[in-house]
Amino acid sequence: MQAALVGVTGYAGMILYQLLKGHPNVKKIHLYDHKLTESAPLSTVAPVFKSESKPVFPYDPQQIMTDNDVVFFATSAGVTSKLSQPYLANGFPVIDLSGDMRLNDAGDYQKWYHKPAAPENLMRQAQYGLAEFESARGQTYVANPGCYATATLLGLAPLVQQHLIAVDSIVVDAKSGTSGAGKKLSTTTHFTEANDNLQIYKPNQHQHIPEIVQELKNWDPTISTIQFMTTLLPITRGIMSTIYARLNHGVDQATILKAYHDTYDDQPFVHVTDTDLPTIKQVIGTNNCDIGLAVNSQTGFVMVASVIDNMLKGAAGQAVQNLNQLFNYEPTAGLDLQPTLI
Ligand SMILES: NC(=O)C1=CN([C@@H]2O[C@H](COP(=O)(O)OP(=O)(O)OC[C@H]3O[C@@H](n4cnc5c(N)ncnc54)[C@H](OP(=O)(O)O)[C@@H]3O)[C@@H](O)[C@H]2O)C=CC1
Ligand SMILES: CC(=O)N[C@@H](CCC(=O)OP(=O)(O)O)C(=O)O
């Protein structure tokens, strides 16, 4: 199969390009860049790939659909809301790493992303692609989940799906490394501000809140919102989503552990570590989500810690999982990755 990638100059696009190069079913990768008017070598378009003279082509949707079987968009928010139409009109497969097509409601997108939304009829044609719970098979347009949303939803799923917690008690304290913010420098991600520091940001305004709630509602329609906070960590990669909720009457640690194992033991990328709490470092370099928990019998609360590499399970790795589902490849194809360890 031949795959197109738009956004190789960004962090998620770089990592995705590396994964696609190692994917056994991807025979050819075509790269496209919105700033080019004629093709240019990758080494000049994205200098991180110093030794690659492979051409990067100007962005052209007709050419993309003619020369490829699928297109990945690893582009900034506000891009695919404008570019998705021809692909949907032609039923051409898209895997979109941005948040533009994840929400069903155009008003919600405008409220949380502060940008014009795609036409709502297009947004509704996109399938949310949390790979463990929605199959991309048979879909045209897959909206790859956000990084925080992935860690949080995987951490919450067994509790919510099996009605083990009071859903109005959910509190999420989520933390991310700076690569989650993309390659553009900002005051908060500037080395001097990020290093030796912790910064809470977007309090109660994070754009992943409606995404998480939209998915939770599919599992339990009584959920109306969650308390969700984000903190910037002085590390490059990784997310830890620490989730707290009050247990329903009669639910104990054994019940909860069984729920997590029943949900995830067949899943290649989600590992339940029981009461052995996971660290961010153990998943960096992999497509894994590791989940551990602690029950407090005095307060009746459970704390769940869910960790991912934001660049992999939170972006490029999950995009490859969605590719594998879309084209019926082995679920782990192209994702046999080892943690960096140190
Ligand atoms: N970083 C992460 O951990 C995660 C990111 N995401 C999402 O993935 C997407 C990419 O993220 P990330 O790589 O971090 O972001 P970056 O800012 O690092 O890269 C953005 C990419 O989009 C390209 N781009 C910008 N404007 C346009 C346009 N008008 N047309 C086509 N391409 C354009 C940029 O090209 P140029 O070089 O010209 O600027 C660049 O290649 C974002 O939507 C992000 O929210 C999702 C999950 C996790
Ligand atoms: C550390 C950091 O700034 N992270 C980003 C994650 C961005 C992202 O992946 O969000 P969308 O794909 O929904 O745009 C943030 O919190 O906004």
**OP:** Kindly indicate whether any position in region 36-43 is closer than 13 Å to Phe73 by Cα, in the same structural domain as Lys82 (by TED's automatic domain parsing) and of a type in the set (S, T, N, Q).
**Re:** no
**OP:** Filter region 215-238 for residues that are in contact with a Leu (Cβ under 6 Å, 6 or more places away or on another chain) and away from ligand 2 (no atom under 11 Å from the Cβ) and give the result.
**Re:** Glu215, Ile223
Original post:
Within the set of pairs 6+ apart or on separate chains, which have a first residue in region 241-255 that is touching a residue at least 40 places away in the same chain (Cβ under 8 Å) and open to solvent by 70 Å² or more (accessible area, probe 1.4 Å), a second that is part of a strand (DSSP E or B) and of a type in the set (Phe, Trp, Tyr), and C-beta atoms under 6 Å apart?
Top reply: Tyr244/Phe301; Arg246/Phe301
**OP:** Please tell me if Gly91 is of a type in the set (Gly, Ala, Ser) and either modelled with pLDDT under 95 or at negative phi (or both).
**Re:** no
**OP:** Considering only region 1-31, state which residues are open to solvent by less than 20 Å² (accessible area, probe 1.4 Å) and within 21 Å of Gly182 (Cβ to Cβ).
**Re:** Ala4, Leu5, Val6, Gly7, Val8, Gly10, Gly13, Leu16, Tyr17, Leu19, Leu20, Leu31
**OP:** Hey, can you tell me all the residues within region 132-174 that are within 16 Å of ligand 2 (Cβ to nearest atom) and aromatic (Phe, Trp, Tyr)?
**Re:** Tyr141, Tyr148
Subject >> Residue identified as open to solvent by 80 Å² or more (accessible area, probe 1.4 Å), more than 9 Å from ligand 2 (Cβ to nearest atom) and assigned by TED's automatic domain parsing to the domain that holds Pro158 among Lys184, Lys202 >> reply: Lys184
**OP:** Would you list the helices (runs of 4 or more DSSP H) that sit entirely within region 39-146 and hold 1 or more residues that are of a type in the set (Asp, Glu)?
**Re:** 61-67, 106-113, 120-123
**OP:** Find the residue count for region 134-145, including only residues that are farther than 22 Å from Tyr260 by Cβ and open to solvent by less than 10 Å² (accessible area, probe 1.4 Å).
**Re:** 5
Subject >> Residue that is least open to solvent (accessible area, probe 1.4 Å) [pool: residues in region 47-76 that are in contact (Cβ under 8 Å) with a residue 24 or more places away in the chain and small (Gly, Ala, Ser)] >> reply: Ala74
Original post:
If we scan region 157-166, do we find a residue that is surrounded by 22 or more Cβ atoms within 10 Å (Cβ to Cβ), out of contact with any Phe, Trp or Tyr (no Cβ under 8 Å at 6 or more places or on another chain) and either at pLDDT 95 or above or among the charged types (D, E, K, R) (or both)?
Top reply: yes
**OP:** Would you mind stating whether His261 is farther than 25 Å from Ala315 by Cβ and open to solvent by 40 Å² or more (accessible area, probe 1.4 Å)?
**Re:** yes
Original post:
Here is a list of conditions, (1) part of a helix (DSSP H, G or I); (2) under 25 Å from Leu312 (Cα atoms), and His23 meets all of them except one; can you say which number that is?
Top reply: (1)
**OP:** Can you confirm whether region 156-174 contains a residue that is within 16 Å of ligand 1 (Cβ to nearest atom) and touching a Leu at 6+ places or on another chain (Cβ under 8 Å)?
**Re:** no
Original post:
So which of Asp196, Asp173, Asp220 is in contact with a strand residue (DSSP E or B) (Cβ under 9 Å, 6 or more places away or on another chain) and in the same structural domain as Val270 (by TED's automatic domain parsing)?
Top reply: Asp173
Original post:
Could you list, in sequence order, the residues of region 287-317 that are within 16 Å of ligand 1 (Cβ to nearest atom), in contact with a strand residue (DSSP E or B) (Cβ under 9 Å, 6 or more places away or on another chain) and open to solvent by less than 20 Å² (accessible area, probe 1.4 Å)?
Top reply: Asn287, Cys289, Ser306, Val307, Ile308, Asp309, Asn310, Lys313, Gly314, Ala316, Gly317
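The values are calculated or read from the model by the stated rules, or taken from the named source; none is laboratory data. Since this is a predicted model, take the numbers as computed values, not measurements. Cβ coordinates were reconstructed from backbone atoms using ideal geometry, including for glycine residues, and neighbour counts include every protein chain displayed. Calculation scope for accessible area: heavy atoms of the full protein, side chains included, ligands and nucleic acids excluded. Shrake-Rupley method; radii C 1.70, N 1.55, O 1.52, S 1.80 Å.
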